[in-house]
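Q: Take a look at this one; I'll ask things after.
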Amino acid sequence: MVKIAPSILSADFCDLDREIRRVASADWLHVDVMDGMFVPNITVGVPVVASIRRHTQMFLDVHLMVEKPVRFVEAFAKAGADLLSVHLEADLPPGIREALRAMEANGVKKALALRPITAAEAVLPYLEEGLDMILVMTVEPGFGGQKFMTGQLDKLRTLRGYIDRLCPTCDLEVDGGVNLETARLVTGAGANVLVAGSAVYGADDPAAMIAALRGCG
Ligand code: DX5
Ligand code: ZN
């Protein structure tokens with residue numbers, strides 16, 4: 001069963017409570033944290049995640065697009081994140097390992113995210129040790145509303161193969177340009193969690209769009 005994770009990056013930040021309730025039928029809520037260094041944009045941080053936690057029971061899927069993310073793992077865990085994704089490109093391997101260990105120590109699910117340029121093989125050493133999710137960016141991280149990169153489909157198929165062989169409980173999430181058309185492509189390539197920002201928040205009826213995206217699985 002495919003899980004749908006609306007990204008609040010496309011929501012009205014002045015009325016987050018209402019915006020979260022509009023997508024309450026979704027499986028997860030995706031929160032994009034950007035530091036203006038790892039990506040050329042700045043969004044929200046720990047206090048906003050803590051406020052969201054007070055307003056919803058939804059599973060909080062927090063995507064950290066920040067340099068040296070180990071610095072913030074404990075704070076986001078304490079703020080109420082259920083899962084943290086750190087980018088493989090955001091630190092050297094010892095820093096990434098330390099971030100994953102900190103997630104475990106703080107009781108949050110641990111995920112690695114890959115920029116479009118990063119090869120599937122890069123996750124192998126980490127997947128062998130166990131991951132809860134791999135996030136594949138299908139746009140350059142930084143902004144919502146961009147066009148889906150079909151070139152990432154082969155990477156998804158390769159990762160699905162690795163996951164089935166090495167860590168079958170690991171989720172495979174796709175983030176960027178997911179809509180009714182591309183959702184079919186990514187689920188066909190093995191993804192089972194779909195992030196959707198503009199497709200869900202741009203729809204007249206977000207709940208109907210969430211159901212339709214789920215139907216693409
Ligand atoms: C982009 C973010 C995405 C973004 C997706 O860097 O990681 O989560 O919100 O937005 P859409 O679905 O509009 O491409
Ligand atoms: Zn994201």
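Computed from the coordinates by the stated procedures, all read-outs in this text should not be read as laboratory data. Computed from a prediction, not measured in an experiment: that's the story for all the values here. Here the Cβ is made from the backbone with ideal geometry for all residues, glycine too, and neighbour counts use every protein chain on show.
Q: In region 94-114, whose amide N lies under 16 Å from the spot 7 Å out along Cα-to-Cβ of Glu128? List them in ranges.
A: Inside the label zone: 94, 97.
Q: Too long at a 20 Å Cα-Cα cut-off: which of Lys3/Lys110; Lys68/Lys109; Lys78/Lys109; Lys3/Lys109; Lys3/Lys78; Lys109/Lys155?
A: Lys3/Lys78; Lys109/Lys155
Q: Another question about this same structure. Normalised by the residues of region 44-89, what does the relative contact order come to in percent, with Cα pairs under 8 Å and at least six apart?
A: 51
Q: Once the other residues with Cβ under 14 Å from the Cβ of Asp154 are scored (Lys, Arg +1; Asp, Glu -1), what is the net sum?
A: Neighbour charge sum, excluding Asp154 itself: +2.
Q: Report the net charge of residues surrounding Gly45, where surrounding means a beta-carbon distance below 14 angstrom and charges are Lys +1, Arg +1, Asp -1, Glu -1.
A: Residues near Gly45 contribute -1 overall.
Q: Taking just the C-alpha trace of region 95-175, give me its Rg and Dmax in Å.
A: My reading of the Cα-based Rg and Dmax gives 12.9, 37 Å.
Q: Cysteines without a disulfide-compatible partner in the chain, using Cβ under 4.7 Å as the rule?
A: So, Cys14, Cys216.
Q: What is the distance, in nm, between label points placed 7 Å from the Cα along the Cα-to-Cβ direction at Glu89 and at Met37?
A: 1.7
Q: Given an 8 Å cut-off on Cα distances and at least 6 residues of separation, report the relative contact order of the chain as a percent.
A: 22
Q: Apply 1/(1 + (r/R0)^6) to the Cβ-Cβ distance of Thr158 and Glu181, taking R0 = 25 Å, and write down the FRET efficiency to the nearest 0.05.
A: E between Thr158 and Glu181, to the nearest 0.05, is 0.65.
Q: Where in region 33-64 does the label zone of Arg21 land, with the point 7 angstrom along Cα→C-beta and an amide N cut-off under 14 Å?
A: 55-57
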